[in-house]
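Asker: Questions regarding the structure given below will be posed in turn.
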Amino acid sequence: MTRAYICHTFYHAYVATMKELNKGPSHRKEATLILSTMSNDFGTMKDRAESSGIYKDVYLFDEKEDVSSPEVMAYHEDKGNIVSNLLQRIKYTRMLAKLQEPFVPVDLSSYDEVYVFCDSDPIGYYLNFKKIRYHALEDGLNSGKLDNQAMLSNKGAWPLKKLMARMGLIFIESGYSRYCIDYEVNDISANYMPPDNVIECSFDSMWEKLSKEDHDILAYIFVENIVEIKKQLESVSEHKERVMILTEPLCDFETRKRLFGDIIKEYKNDYDILIKPHPRDLVDYKEAFPQVTVLQGRFPMEVIADIDDLKVEKLVSVITQVDNVKFAEEIVYLGLDFLDKYEDPAIHRKMENLING
């Protein structure tokens with residue numbers, strides 16, 4: 001069977017590759033990896049994925065946001081009443097889908113199975129428009145804890161909008177599209193009111209099936225500079241334990257530097273500090289904090305566990321879900337209460353507001 005994986009982040013591509021590795025060597029080169037460049041720069045990862053022997057083809061996809069087309073955005077304005085808004089949304093759904101047509105690199109209808117991470121992006125509208133059945137996957141590990149994109153984006157007239165999505169008139173992501181076969185998540189219990197077609201495929205269950213060779217393949221694909229990363233870790237003092245701080249594209253640049261600067265202050269006396277920048281975090285942490293070690297390169301945090309002998313004593317995360325971390329002895333999850341000190345809670349507590357009505 002042929003498969004296509006449409007990915008928007010390094011994490012998406014990492015999970016897609018784990019899925020292929022779990023199928024075993026006899027299924028090598030049955031799948032195509034499609035990397036959307038709409039919100040992420042994959043750098044040289046495409047070349048390594050192509051040469052890994054896992055995929056038949058690897059493509060970059062110049063996916064187009066609605067804001068790139070004034071014509072599409074003209075149908076994304078509030079008309080003041082539910083009927084007019086729904087009528088223009090039908091038009092918006094079709095136009096955003098058609099905007100993608102010149103840029104989709106393959107005929108997705110020719111694949112036996114299509115997997116889409118974060119189908120809320122324009123590719124979901126395209127699949128709906130083309131009536132191509134597909135499997136949707138959660139955007140990030142347990143992302144439903146902090147965000148239910150489908151419900152948050154469709155709070156008004158939710159039952160009516162669900163019906164229209166089932167009819168194919170409009171598009172709703174994360175399991176509600178007429179052409180979405182199922183919505184795959186790591187942990188169903190971590191999701192607030194998931195769709196009826198939700199299924200569970202845990203990260204841990206896939207990771208535990210990986211062989212030593214599989215881990216080496218993952219490290220090869222996702223870390224361009226393994227030698228440099230290992231050297232950075234070897235240069236850290238042997239007299240202190242290590243704490244790795246995961247950055248995230250939170251708040252504005254200056255607030256973000258203040259936030260992570262405060263975390264560094266808390267640990268700097270007792271630990272050697274490692275900063276693992278998020279792939280989409282563009283703050284120059286080496287310039288901002290020259291006294292700490294900033295891991296070079298852009299790669300998913302999960303792949304650190306695939307690199308031989310790379311361990312830390314403590315890992316600190318603000319809101320990145322870290323239930324799948326294999327390389328840290330202790331995990332400190334700061335959560336939304338900590339983020340409240342730096343950003344208006346209304347910005348990052350949307351799920352709580354939805355649940356509490």
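A short reminder: the numbers here are calculations on the coordinates, not readings from a lab. Quantities reported herein were computed from a predicted structural model and do not represent experimental measurements. With ideal geometry, Cβ positions are generated from the backbone for all residues, glycine too; neighbour counts draw on all protein chains shown.
Asker: Tell me, in nm to one decimal, what length is gained between residue 241 and residue 336 on full extension, where the rule is 0.36 nm per residue of separation less the Cα-Cα distance?
Answerer: Full-extension gain reported as 31.5 nm.
Asker: Would you kindly compute the Cα radius of gyration of the range 230-299 and its largest Cα-Cα separation (Dmax), both in Å?
Answerer: In order Rg, Dmax, the Cα atoms of the range 230-299 give 11.8, 35 Å.
Asker: Can I ask one more? To the nearest 20 debye, what is the magnitude of the charge dipole of the range 225-356 about its Cα centre, counting +1 on the Cβ of each Lys and Arg and -1 on the Cβ of each Asp and Glu? Please report the intermediate quantities before stating the final value.
Answerer: On the way: 19 positive and 27 negative charges, 51 e Å.
Charge dipole of the range 225-356: 240 debye, to the nearest 20.
Asker: Sticking with this one: Under a point spin-label approximation (7 Å from Cα along Cα-to-Cβ), what is the residue 88-residue 160 distance to one decimal in nm?
Answerer: About 1.6 nm, to one decimal.
Asker: Please list, ordered by chain and number, the residues whose modelled amide H lies under 5 Å from the amide H of residue 38; skip anything fewer than 5 residues away on the same chain.
Answerer: 63
Asker: Place +1 on the Cβ of every Lys and Arg and -1 on the Cβ of every Asp and Glu in the range 205-246, take the dipole about the Cα centre, and give the residue among 210, 222, 245 whose Cα lies farthest towards its positive end.
Answerer: Comparing the listed Cα positions along the dipole, 245 ranks first.
Asker: Once you keep just the Cα pairs under 8 angstrom separated by 6 or more residues, what percentage relative contact order results for the range 225-356?
Answerer: 25 percent
Asker: So how far, in whole Å, is the C-alpha centre of the range 211-268 from the one of the range 150-190?
Answerer: With the range 211-268 and the range 150-190 each reduced to a Cα centre, they are spaced 36 Å.
Asker: Here is a further query. Under a point spin-label approximation (7 Å from Cα along Cα-to-Cβ), what is the residue 286-residue 258 distance to one decimal in nm?
Answerer: 2.7 nm
Asker: Residue by residue through the range 299-304, what is 3J(HN,Hα) from phi via Karplus (6.51 cos²θ - 1.76 cosθ + 1.60, θ = phi - 60°)? Round to whole Hz and write x for glycine and proline.
Answerer: For the range 299-304, the Karplus-derived couplings read 7, x, 4, 4, 6, 4 Hz, x marking Gly and Pro.
Asker: Candidates (1) 42, 21, 20; (2) 47, 25, 15; (3) 35, 26, 18; which is the computed semi-axes √(5λ) of the Cα gyration tensor in Å?
Answerer: Computed from these coordinates, semi-axes √(5λ) of the Cα gyration tensor in Å corresponds to label (3).
Asker: Go through the range 134-147 residue by residue and turn each phi into a ³J(HN,Hα) via Karplus (6.51, -1.76, 1.60, θ = phi - 60°); whole Hz please, and just put x for glycine and proline.
Answerer: Going residue by residue, I get 8, 9, 9, 10, 4, 5, x, 4, 6, 5, x, 5, 10, 7 Hz, with x marking Gly and Pro.
Asker: Averaged over every viewing direction, what's the projected area of the C-alpha convex hull for the range 225-356? Give it in nm², one decimal, please.
Answerer: Value for the range 225-356: 8.4 nm².
Asker: For residue 31, list long-range residues whose amide hydrogen, built 1.01 Å from N in the peptide plane, is under 5 Å from its own amide hydrogen.
Answerer: So residue 31 has HN proximity to 3, 56.
Asker: Now for a separate question. Please provide three numbers in whole Å: the alpha-carbon extents of the range 3-206 along the principal axes, with the largest listed first.
Answerer: Principal axes ranked by extent give 55, 38, 27 Å for the Cα atoms.
Asker: Using modelled backbone amide H atoms (1.01 Å from N, in-plane), which distant-in-sequence or interchain residues come within less than 5 Å of residue 294's amide H?
Answerer: HN-HN under 5 Å from residue 294: 275.
Asker: Where the centre of each part is set by its Cα atoms, how far does the range 291-357 sit from the range 66-104, in angstrom?
Answerer: Between the Cα centre of the range 291-357 and that of the range 66-104, the gap is 35 Å.
Asker: In sequence order, what are the phi-derived ³J(HN,Hα) couplings for the range 68-77 according to the Karplus relation 6.51 cos²θ - 1.76 cosθ + 1.60 with θ = phi - 60°, rounded to whole Hz, with x for glycine and proline?
Answerer: After applying 6.51 cos²θ - 1.76 cosθ + 1.60, I find 7, 10, x, 5, 5, 5, 5, 9, 10, 10 Hz.
Asker: Let me ask something else. Which pairs, out of 212/311; 64/131; 265/314; 56/98; 91/162; 19/56, put more than 21 Å between their alpha-carbon atoms? Spell out each step's value before the answer.
Answerer: Details: 212/311 17 Å; 64/131 19 Å; 265/314 15 Å; 56/98 27 Å; 91/162 17 Å; 19/56 15 Å.
Long pairs (Cα-Cα over 21 Å): 56/98.
Asker: If you don't mind, there's one more thing I want to ask. Counting pairs of alpha carbon atoms under 8 Å apart in space and at least six apart in sequence, what relative contact order in percent does the chain give? Kindly include the intermediate steps, with their values, before the conclusion.
Answerer: On the way: 602 pairs, mean separation 50.8, N = 357.
It comes to 14 percent, rounded to a whole number.
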